[in-house]
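Read-outs: derived from the displayed coordinates by stated rules, not from any lab. What you see is a predicted model, and the numbers here were worked out from it, not measured in a lab. Cβ: placed from backbone, ideal geometry, glycine included. Neighbour counts: every protein chain shown.
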Amino acid sequence: MALATKSLQFRAHELANASTQLKVLSTNELENISLPTFSDKLKAINLYPLLPTGIQILQVNMGKMCNQTCKHCHVDAGPDRKEIMSRVTMKQCLEALKGTDITTVDLTGGAPEMNPDFRWFVEELSKMGKKIMVRCNLTIILANPKYNDLPQFFKKHKVEVISSLPYFAARRTDAQRGEGVFEKSVKALKMLNEVGYGKEGSELILNLVYNPTGAFLPGSQNELEAEFTKKLKEGFDVEFNSLFAITNIPVSRFLEYLVASDNYEGYMEKLVDAFNPSAAMGVMCRDTISVGWDGYLYDCDFNQMLELKVNSKTKHISEFNLDELNKRNIELNQHCYGCTAGAGSSCGGEVV
Amino acid sequence: MKQPIFIHLKFKSKFMSKTYYDPADLSKFGDIKEFQPELAKKFFDYYGDVFKEGALTAREKSLIALAVSHAIQCPYCIDAYTSGSLEKGADEEQMMEAVHVAAAIRGGASLVHGVQMMNKTKDLTM
């Protein structure tokens, strides 16, 4: 179905408001089903309260500004969003990382590359010897000549590139991410391949993210990866390393889609039915901390968009205290079912 | 005027569905064990094994199931295997081709009986 191509915030949509989203998510008595609370599900498997296993990854959301307006975006990102991380906050992130054993920094957005201090931040992280991951939407590389050298820049700092490509053909990709996105994505993938990304034997890692283009769950990651590998190589001579299958979480614009298309109840039922205790054990919020564009700390990027700040004395990157954060109880709500369905879902794909 | 988001959410109704086919019944399929647990267990174990990856991939099996669903015209099965095929990465063209396979076999099954009709006609006529 066709949806607007502006952010919820631009359209002054009710779901632009995090508290309205939480009200929808906490309505458990639906037409045909009663949904159990996520907390009760965890209690039944003795996993409540959900505790961290030790923070290994700092995921930094560099802002909501993006060159695309994907219909399923949980960030409500787009060209009309102006909230981006300042260099002051980035310096606080660097300060926070000093003296910790956090190994990995995962940069996301919006399109993180649109932040004018993006390259400076990557260079500083690179000097610290951190493993850097960037969630690159691919089309940004072609969006403006000033971004055309991003593949070389990523290569210089051995940045792991993780890119969304919901399907190996234009129709589904463009339906979710916008007209012409598939063609541009393929061009960008070729540019990354040209500098060595995703090539066999290369240390430059290019991973793709598959997420369903509608109200259904992802299938087996291995099978999808095999299909993507074959179709992208045969059809477009594009190579990549791994495919991460990620479940769409009912937050922000994907929540808007579910409600507007009358799929909300069925989707939530699917997520609840597919609850997998093993996936719950391995959810990413147990080893990740998420930083918002304004420096506030969250258990994950989804809690960030729902404005559910960490339940800890340490609430802002300027007062980062790893020991305190490792003792916190993770904030839960019904959207958490998205990460525990089937083989589980994280920013690195399946978890079991 | 915009409708508030909660207008679009459907809440529990005290009224029962009056149709033979209720989409909500699909998720109650497992409840058939209530009247006969042993046979239901045997069936669901077998069913689960049938759809596992084997000589055929799980996606191929899902597409076969989608075609059969159309041949037997089971609304529950069509819902289930449309979702299942999408989940397993099938695309719209593959799914519609599967439906055409069902249609071709159904149409063919009628037409091939035309030979029987012709035989009988030839028997009965000069």
On Cα atoms only, tilt of B:75-87 relative to the major axis of chain B in degrees: 80 degrees
Förster radius 45 Å - calculated FRET efficiency between residue A:329 and residue B:104, Cβ distance, rounded to 0.05: 0.15
Positive-pole candidate from B:64, B:125, B:9, dipole of chain B, charges at beta carbon: B:9
Between the range A:71-111 and the range A:193-267, the Cα center-to-center distance that results, in Å: 22 Å
Selection from B:37, A:280, A:129, by position along the positive dipole direction of the protein assembly as shown (Cβ): A:129
Cα centroid of the range B:44-79 to Cα centroid of the range B:99-126, whole Å: 28 Å
Cα-based helix-to-principal-axis angle, B:58-71 vs chain B, degrees rounded to 10: 70 degrees
Volume in Å³ per residue [convex hull over Cα atoms, computed for the range B:80-126]: 59 Å³
Spacing of the two label points (7 Å from each Cα toward its C-beta) at residue B:44 and residue B:126, in nm: 6.7 nm
Chain A, dipole about Cα centre (Lys/Arg Cβ +1, Asp/Glu Cβ -1), debye to the nearest 20: 780 debye
Residue B:29 versus residue A:39: modelled label distance in nm, points set 7 Å from Cα along the beta carbon direction: 3.5 nm
Acute angle (nearest 10 degrees) that the helix B:37-50 long axis makes with the longest principal axis of chain B, alpha-carbon atoms: 70 degrees
Gaussian network model of chain B, Cα within-10 Å springs - most flexible of B:105, B:64, B:32: B:32
Debye-sum result for the range B:35-125 in log10 I(q)/I(0), which assumes one identical scatterer on each alpha carbon, at q = 0.20, 0.22 Å⁻¹: -0.95, -1.06
The protein assembly as shown - share of DSSP beta bridges that are antiparallel (%, nearest 5): 30 percent
Neighbour-count ranking [beta-carbon atoms within 10 angstrom, fewest first] of A:268, B:126, B:96, A:305: B:126, B:96, A:268, A:305
Other protein chain Cβ atoms within 10 Å, averaged over every residue that makes up A:259-266: 3
Flagged links, alpha-carbon separation over 19 Å, of A:131/A:156; A:130/A:187; A:131/A:158; A:91/A:131: A:130/A:187
Helix-derived mean residue ellipticity, 222 nm - over chain A, DSSP H n ≥ 4, -39500 (n - 2.57), to 500: -9500 deg cm²/dmol
Scattering profile of the protein assembly as shown at q = 0.05, 0.07, 0.09, 0.13 Å⁻¹ [log10 I(q)/I(0), Debye over alpha-carbon scatterers]: -0.22, -0.41, -0.66, -1.32
Structure-based [θ]222 nm, chain B - -39500 (n - 2.57) summed over DSSP H runs of at least 4, per residue, nearest 500: -20500 deg cm²/dmol
Simple Cβ-charge dipole of chain B, Lys/Arg +1 and Asp/Glu -1, about Cα centre, in debye nearest 20: 500 debye
Low-density loop positions, GluC sites (Glu not before Pro), the range A:233-323 - DSSP coil, at most 14 other Cβ in 10 Å: A:307
Segment residue A:222-residue A:321, extension gain: residue separation times 0.36 nm, minus the distance between their alpha carbons: 31.8 nm
Filter on A:64/B:61; A:6/A:233; A:231/B:41; A:71/A:231; A:23/A:327; A:64/A:313 - keep pairs with C-alpha separation over 31 Å: A:64/B:61; A:6/A:233; A:231/B:41
Distance in nm between pseudo-label sites at residue A:120 and residue A:149 (7 Å out along the Cβ direction from Cα): 1.8 nm
